[in-house]
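Student: Sharing a structure, written as structure tokens. Questions coming.
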Amino acid sequence: MTTAAPPEPPRAGLSRTALGRPVPSAWERARARVRLEDPFVGWTACIAVALLALFLRLWHLGQPHVFEFDETYYAKDAWSLLNFGFERDATDKANDLILNGTTLTGVYKDSPEMIVHPEVGKWLIALGIKAFGMDPFGWRVSAAVVGSLMVLVMCRFARRITGSTALGVVAGLLLSFDGLQFVLSRLALLDIFVAFFVLCGVHCIVADRDWFRLRLASRLDEPVRHGWGPRVLFRPWLLVGGLAWGLALGTKWEAIYPLAAFGLLCWVWSAGARRSFGVRWPVARSAVADGIPAFVHLVLVGLVVYVATWTGWLMHAHQYEEHLSATQYTHYHGGQDWPTRTEPDASGLGEVTQSLRSLWYYHHDVYAFHTHFLNGSTHTYQSKPSGWLLQNRPVGVAADTGIKPGTQGCHAPEGSDCLRQVLLLGNPTIWWAGCLALLFALVMWIGARDWRFGVAVVGVASTWLPWLQYDDRPIFLFYAVVTLPFVVLALTLAMGKLIGTARVPSGRRTFGVIVSGAFFVLALVNFAWFWPIWTNQLLTHSEWLDRIWFSRWI
């Protein structure tokens with residue numbers, strides 16, 4: 001004879017209505033956030049989308065056989081890191097020598113280069129060069145791989161937030177079909193790397209939200225009526241997030257703004273979790289109980305990782321002290337040279353301390369470059385960040401114009417010509433619809449108090465709005481690639497609301513599927529339409545003009 005197992009004790013917050021129906025408890029709501037899926041189907045679908053993205057990004061990756069835009073800096077910096085351990089200044093003929101197959105002799109000077117971005121992205125570019133050689137394919141392949149991994153993370157990120165594998169796949173495809181993400185995944189620039197690490201960092205913080213609520217629920221059998229609730233000092237997702245944020249900052253400093261924004265959001269979410277389990281004064285108590293551990297995991301771990309990414313610089317600090325400690329940028333900070341320039345060389349731990357001090361002064365100079373030195377200068381393709389979400393001014397990174405009929409496969413009519421171009425321009429369908437989706441997300445976050453829409457709003461605000469303070473110097477549309485995942489998330493959440501769940505009337509679901517499907521098809525059609533000017537394809541002048549919808553796009 002068997003006996004029935006005793007009923008599971010009620011979790012914290014469990015209550016019943018007057019009719020005896022159970023009300024979802026905090027534990028049940030926390031558990032529902034980690035919805036079940038078939039792991040094979042979920043991961044196979046997401047990996048398939050990433051492989052499609054990789055195929056598209058590797059297609060004719062080595063063309064054009066030139067340095068495109070700022071590849072002239074980052075590819076040579078990466079090659080210098082591989083060969084010398086630090087970035088050497090290049091000679092005036094370096095580009096021509098490298099493209100003709102001479103990669104070291106006559107390419108570099110003995111002095112270091114005044115680099116204005118950290119080294120992580122350049123080391124990643126260097127990995128591709130190490131594997132495939134110092135040529136356009138070699139210096140672009142790392143961006144293609146990381147851009148494809150970013151699509152995979154986008155699929156899993158959206159899947160976690162929406163609870164739907166289908167919507168996760170849609171989000172990954174939308175990211176893959178955007179022009180900014182696509183072209184930057186085919187260039188040796190730093191922006192695709194910082195966008196990838198920022199997305200990973202935000203994903204870790206969102207995953208920690210689910211993990212933290214489940215952790216609290218598993219340690220409570222009844223509501224907290226007095227005190228602070230359980231202490232959770234170690235939060236593994238935040239630790240991984242700290243690594244990601246350190247690498248993001250080690251690629252470009254702009255990652256500090258979303259780190260600050262999502263760090264605060266992490267605290268607010270933790271306070272909300274404690275409130276749902278009955279903790280009184282949760283915001284203040286969470287600031288101590290959760291804010292301090294989160295700061296250690298995200299900020300202090302990130303800082304350690306960031307400093308570690310400068311190892312190559314630190315090992316050659318004497319080169320920078322000798323050649324760059326009296327640069328024009330130094331004089332924006334009182335005109336004093338680095339004190340370490342004239343100090344005797346230390347040894348042991350003292351040498352490490354001395355090198356770190358030099359790195360600190362170097363950071364002062366880099367900050368001066370970004371905030372003072374470029375003020376008032378201009379660039380043909382610079383744009384105001386206020387118009388980035390509308391794709392106001394794309395960036396031409398390569399062009400071969402004036403190709404005559406009968407040459408290079410040009411079939412233009414007499415009196416006309418052909419051209420090839422690589423244009424950094426987003427998919428208008430995604431960005432323009434994304435603006436509407438962001439307005440909807442703001443309403444849903446504030447009005448419906450749906451935290452998922454808040455992720456999209458905070459993501460866009462923290463990666464886009466800070467650039468408004470720097471619109472008096474040359475900045476470019478493609479910086480918005482860090483904002484793109486959150487625009488895509490807003491679109492995906494809006495599509496999910498349109499389609500609804502199985503409980504909504506079938507007529508409404510049909511309407512939502514039709515509208516969402518039509519939008520997705522339009523985004524795909526736009527991707528195909530702009531493909532030639534994203535991949536350096538041969539076009540007649542009239543075919544090119546068909547794709548240049550506004551005079552500001554020229």
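The values are calculated or read from the model by the stated rules, or taken from the named source; none is laboratory data. Predicted, not measured: the structure shown is a model, and the values here were computed from it. Here the Cβ is made from the backbone with ideal geometry for all residues, glycine too, and neighbour counts use every protein chain on show. For the accessible areas, the whole protein counts, side chains as well, though only heavy atoms, and no ligand, DNA or RNA atoms are used. Shrake-Rupley method; radii C 1.70, N 1.55, O 1.52, S 1.80 Å.
Student: Taking interchain pairs and intrachain pairs at least six residues apart, which have beta carbon atoms under 8 angstrom, with the first residue in the range 234-250 and over 18 Å from PHE157 (Cβ atoms) and the second in a loop (DSSP other than H, G, I, E, B) and of a type in the set (Ser, Thr, Tyr)?
Tutor: If the second residue must be in a loop (DSSP other than H, G, I, E, B) and of a type in the set (Ser, Thr, Tyr), the pairs left are GLY246/THR309; GLY250/THR309.
Student: List, please: which pairs have Cβ atoms under 8 Å, are six or more places apart or on different chains, and start with a residue in the range 268-279 that is over 14 Å from SER218 (Cα atoms) and free of Cβ contacts under 8 Å to residues at least 24 places away in the same chain and end with one that is open to solvent by less than 10 Å² (accessible area, probe 1.4 Å) and part of a helix (DSSP H, G or I)?
Tutor: ALA271/SER286
Student: Suppose we filter the range 517-536 for residues that are touching a residue at least 40 places away in the same chain (Cβ under 8 Å) and open to solvent by less than 50 Å² (accessible area, probe 1.4 Å); how many remain?
Tutor: 10
Student: Now, a different point. Hey, can you tell me all the residues within the range 167-219 that are under 19 Å from PHE519 (Cα atoms) and without any contact (Cβ under 8 Å) to a residue 60 or more places away in the chain?
Tutor: none
Student: Yes or no: the range 5-21 includes at least one residue that is at pLDDT 55 or above and β-branched (Val, Ile, Thr).
Tutor: Within the range 5-21, not a single residue is at pLDDT 55 or above and β-branched (Val, Ile, Thr).
Here's the yes/no breakdown for (1) surrounded by fewer than 19 Cβ atoms within 10 Å (Cβ to Cβ); (2) within 26 Å of the chain's Cα centre (by Cα):
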| residue | (1), (2) |
| --- | --- |
| HIS323 | yes, no |
| TYR361 | no, no |
| PRO394 | no, yes |
| VAL397 | no, yes |
| THR401 | yes, no |
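Student: When residues of the range 533-554 are filtered for being assigned to a helix (DSSP H, G or I) and within 25 Å of the chain's Cα centre (by Cα), how many remain?
Tutor: Qualifying residue count, the range 533-554: 3.
Student: Would you mind listing the helices (runs of 4 or more DSSP H) fully within the range 278-369 where at least 2 residues are farther than 20 Å from ALA260 by Cβ?
Tutor: Details: elements: 282-289, 291-295, 301-308, 311-315, 317-324, 349-368.
Once the helices (runs of 4 or more DSSP H) in the range 278-369 are filtered for at least 2 residues that are farther than 20 Å from ALA260 by Cβ, what remains is 282-289, 311-315, 317-324, 349-368.
Student: Here's something else I'd like to know. May I ask you to say which residue of CYS418, CYS410 is closer than 30 Å to ILE554 by Cα, open to solvent by less than 10 Å² (accessible area, probe 1.4 Å) and touching a His at 6+ places or on another chain (Cβ under 8 Å)?
Tutor: Answer to the selection: CYS418.
Student: Could you run through the range 272-296 and say how many residues are among the polar types (S, T, N, Q) and at pLDDT 90 or above?
Tutor: Going through the range 272-296 one residue at a time, the tally reaches 1.
Student: Sticking with this one: I'd like the residue in the range 446-456 that is more than 15 Å from the chain's Cα centre (by Cα) and not small (Gly, Ala, Ser) and, out of all such residues, is nearest to TRP388 (Cα to Cα). Walk me through it before giving the result.
Tutor: The initial filter retains those residues of the range 446-456 that are more than 15 Å from the chain's Cα centre (by Cα), namely 446-454.
The next check asks that each one be not small (Gly, Ala, Ser); those that pass are 446, 449-453.
Working: ILE446: 24, ARG449: 28, ASP450: 26, TRP451: 25, ARG452: 24, PHE453: 21 Å.
Top of the filtered list is PHE453.
Student: Considering every residue within the range 173-189, establish whether at least one is in contact with a strand residue (DSSP E or B) (Cβ under 8 Å, 6 or more places away or on another chain) and among the hydroxyl-bearing types (Ser, Thr, Tyr).
Tutor: Taking every residue of the range 173-189 in turn, none turns out to be in contact with a strand residue (DSSP E or B) (Cβ under 8 Å, 6 or more places away or on another chain) and among the hydroxyl-bearing types (Ser, Thr, Tyr).
Student: Right, next: State all residues of the range 286-308 that are surrounded by fewer than 19 Cβ atoms within 10 Å (Cβ to Cβ) and either in contact with a Lys or Arg (Cβ under 8 Å, 6 or more places away or on another chain) or not small (Gly, Ala, Ser) (or both); if no residue qualifies, say none.
Tutor: Selection gives VAL288, ILE292, PRO293, PHE295, VAL296, VAL299, LEU300, LEU303, VAL304, VAL307.
Student: Is there a residue in the range 331-349 that is aromatic (Phe, Trp, Tyr), touching a Phe, Trp or Tyr at 6+ places or on another chain (Cβ under 9 Å) and under 30 Å from LEU180 (Cβ atoms)?
Tutor: So the first thing to find is which residues in the range 331-349 are aromatic (Phe, Trp, Tyr), and the list is 332, 338.
Next, only the ones that are touching a Phe, Trp or Tyr at 6+ places or on another chain (Cβ under 9 Å) stay: 332, 338.
This time we only want the ones that are under 30 Å from LEU180 (Cβ atoms), so: none.
No, the range 331-349 has no match at all.
Student: May I pose another question? Tell me whether the range 515-523 contains one or more residues that are among the β-branched types (Val, Ile, Thr), outside any helix (DSSP H, G or I) and on the phi < 0 side of the Ramachandran plot.
Tutor: Within the range 515-523 (the criterion being among the β-branched types (Val, Ile, Thr), outside any helix (DSSP H, G or I) and on the phi < 0 side of the Ramachandran plot), the answer is no, since none of the residues qualifies.
Results for (1) aromatic (Phe, Trp, Tyr); (2) in contact with a Ser or Thr (Cβ under 8 Å, 6 or more places away or on another chain); (3) more than 30 Å from ASN526 (Cβ to Cβ); (4) at pLDDT below 95, shown as yes or no for each residue.
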residue	(1), (2), (3), (4)
LEU189	no, no, no, no
PHE193	yes, yes, no, no
VAL202	no, no, no, no
GLY227	no, no, yes, yes
TRP237	yes, no, yes, no
ALA260	no, yes, yes, no
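Student: Another question, then. Restricting the range 45-65 to residues that are assigned to a helix (DSSP H, G or I) and small (Gly, Ala, Ser), which is surrounded by the most Cβ atoms within 10 Å (Cβ to Cβ)?
Tutor: Checked the range 45-65; the qualifying residue surrounded by the most Cβ atoms within 10 Å (Cβ to Cβ) is ALA53.
Student: Taking into account only those residues within the range 94-135 that are farther than 19 Å from GLU254 by Cα and basic (Lys, Arg), which is most open to solvent (accessible area, probe 1.4 Å)?
Tutor: LYS130
Student: Now for a different question. Anything in the range 426-469 that is outside any helix (DSSP H, G or I) and either among the β-branched types (Val, Ile, Thr) or open to solvent by 30 Å² or more (accessible area, probe 1.4 Å) (or both)? List them, or say none.
Tutor: Residues satisfying the conditions are ALA448, ARG449.
Student: For the range 293-316, indicate whether the set of residues that are of a type outside the set (Lys, Arg) and over 30 Å from the mean Cα position of the chain (by Cα) is non-empty.
Tutor: no
Student: May I ask you to say which residue of THR378, THR342 is at pLDDT below 90, open to solvent by 70 Å² or more (accessible area, probe 1.4 Å) and more than 34 Å from the chain's Cα centre (by Cα)?
Tutor: Among THR378, THR342, only THR342 is at pLDDT below 90, open to solvent by 70 Å² or more (accessible area, probe 1.4 Å) and more than 34 Å from the chain's Cα centre (by Cα).
Student: If you don't mind, there's one more thing I want to ask. Among (1) in contact (Cβ under 8 Å) with a residue 60 or more places away in the chain; (2) assigned to a strand (DSSP E or B), which single condition is THR401 missing?
Tutor: Among (1) in contact (Cβ under 8 Å) with a residue 60 or more places away in the chain; (2) assigned to a strand (DSSP E or B), the lone unmet condition for THR401 is (1).
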